Each structure stands twice: as structure tokens, then as C-alpha cells.
1. Based on this model, can you work out whether residue 201 counts as modelled with pLDDT of 95 or more, out of contact with any helix residue (DSSP H, G or I) (no Cβ under 6 Å at 6 or more places or on another chain) and buried (at least 19 other Cβ atoms within 10 Å of the Cβ)?
2. Out of (1) under 17 Å from the mean Cα position of the chain (by Cα); (2) more than 21 Å from residue 47 (Cβ to Cβ), the odd one out for residue 127 is which?
3. Residues in the stretch 26-45 that are at pLDDT 95 or above, surrounded by fewer than 21 Cβ atoms within 10 Å (Cβ to Cβ) and in contact with a helix residue (DSSP H, G or I) (Cβ under 8 Å, 6 or more places away or on another chain): how many?
4. Return the pair list, or none, for Cβ contacts closer than 7 Å from residues in the stretch 132-161 that are surrounded by fewer than 15 Cβ atoms within 10 Å (Cβ to Cβ) to residues that are in a loop (DSSP other than H, G, I, E, B) and modelled with pLDDT of 95 or more, at least 6 apart or on different chains.
5. Can you list the helices (runs of 4 or more DSSP H) found entirely within the stretch 46-160 that contain at least 2 residues being touching a helix residue (DSSP H, G or I) at 6+ places or on another chain (Cβ under 6 Å)?
6. I want to confirm something. Restricting to the stretch 67-93 and keeping residues that are free of Cβ contacts under 8 Å to residues at least 60 places away in the same chain and crowded, with 16+ Cβ neighbours inside 10 Å, which single residue is nearest to residue 227 (Cα to Cα)?
7. I'd like to know if the stretch 214-226 contains one or more residues that are farther than 27 Å from residue 80 by Cβ and either touching a helix residue (DSSP H, G or I) at 6+ places or on another chain (Cβ under 7 Å) or surrounded by 17 or more Cβ atoms within 10 Å (Cβ to Cβ) (or both).
8. Report the residue count in the stretch 162-185 for those that are over 18 Å from the mean Cα position of the chain (by Cα), surrounded by 13 or more Cβ atoms within 10 Å (Cβ to Cβ) and part of a loop (DSSP other than H, G, I, E, B).
């Protein structure tokens, strides 16, 4: 199916997507050769609306699990590796719910899901309902801290994004790498925390890397869940 109707566009549109209190925070950018032009972020109420955008997104860097473990005793390799890379920031890579939990909303006691994951289960269920293997041609699971890891020269950040120092550190990195990213960082969206804007900006950098075929997969050797979805994080 073509990405858009009419004559081909002279640019691609890539996007970053993360759950937020009002739905899904989306930041996109036009990509043409070396030109990368971020656009104003916005909030969509449902994950399915991401696929209704026109022109359609060539690449989506998604901050939500794609590809699920069958049991809590078999954690995803990508999560284990990501934690080992992030050092003190490893706690930001949370346990991925099992497919049964995603589909039913019933949480097993032995999953030991943290409070943030429990709050986001409804959002993750939206992703689970939309994601089929063919969607992974365009949709790639990413993680903001791994995006910052790459932007920071393959070194994990030390400060939390919940602190002024952490926000300042992230802003310096983002503005150095992405001209025009202030449109994302300084956006005023009701109900969207500042930290979400910084996360989505970093994910947009990863979307650019994916479009340029410069991104790396974790793990290097593919793993799939029972429904044929790749269990990986792209950075």
C-alpha cells in the first residue's frame, strides 16, 4: 500500500510516539537529505490515530513494548541488555508485561510490575491491539534513555530528567544534535510534563537514525514472541 496518495513527496516524515496523561504524545519531523525539520508536537487520544496521519509516517520510534514475554520467568533479552548498558539509569527499563496481561489486563502476582507500568497497561493494550508483524516495517520500539545514550556518545546520562540539572543536561545534548528541536522542547501542551517533551525529542533522533539505516538493534540476533513480533529495542 502506498504511503500517501498523489505524487511522491520530496521528503519523508518520521515520528516519535510516547504515552502521556492525555493519550499519545507525537513529535514528527520532515527529513530530506541532510535536512531534518522538527514540527510542533501534538497529542492524539488513541494509538490507532498514529496510523491515520497524512502523510503517513515512514518511521515511528515508539516508547512502548512491542513483542512480549510469554511468562515472567523469561524476560526479554533486549530489556536485560538495555539495563546493562544504562548503568545508574537502568531502572528506567521496566519489566515488560506478558502477552496475557497485555491482552486481558489481568496482572499475575509473579510479574512484579511497577506502579508506572500498571498505570500504562491500558496504553500498552492499545499497542498490542494494533501491532502485527507487518507493522514492524515502520514501527520500532525505542527507549528515551537509550536514545540519550547514543546522543551522549554511547554513554549513559547520570542525572534524572526529574531534576533541573537533568533537564539542562538533556537540553544541551539535544540542541547540539538537532537544529530546530526547540519547537518540541518549548511546546506548551496542557497535561504534558516537560520530561515527556525531552523524551519525545530524543526518540525523534532515533527515528532519524532508523530512517537513515544507522540504528542498531538490541539484541543483534533477532528474537520473536509467540505472535511473530520482534522482541527488540532499537537505538
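The values are calculated or read from the model by the stated rules, or taken from the named source; none is laboratory data. Because the structure is predicted, anything quoted here is derived from the model rather than measured. Glycine also receives a Cβ, built like all others from the backbone with ideal geometry; neighbour counts cover every protein chain displayed.
1. Here the answer is no, as residue 201 does not meet what is asked.
2. Looking at each condition in turn, residue 127 falls short on (2).
3. Within the stretch 26-45, residues that are at pLDDT 95 or above, surrounded by fewer than 21 Cβ atoms within 10 Å (Cβ to Cβ) and in contact with a helix residue (DSSP H, G or I) (Cβ under 8 Å, 6 or more places away or on another chain) number 3.
4. Close Cβ pairs satisfying both conditions: 133/228; 133/229.
5. Ranges flagged: 77-86, 115-130, 144-151.
6. Here the residue is 72.
7. Looking through the stretch 214-226, none of the residues is farther than 27 Å from residue 80 by Cβ and either touching a helix residue (DSSP H, G or I) at 6+ places or on another chain (Cβ under 7 Å) or surrounded by 17 or more Cβ atoms within 10 Å (Cβ to Cβ) (or both).
8. Result for the stretch 162-185: 1.
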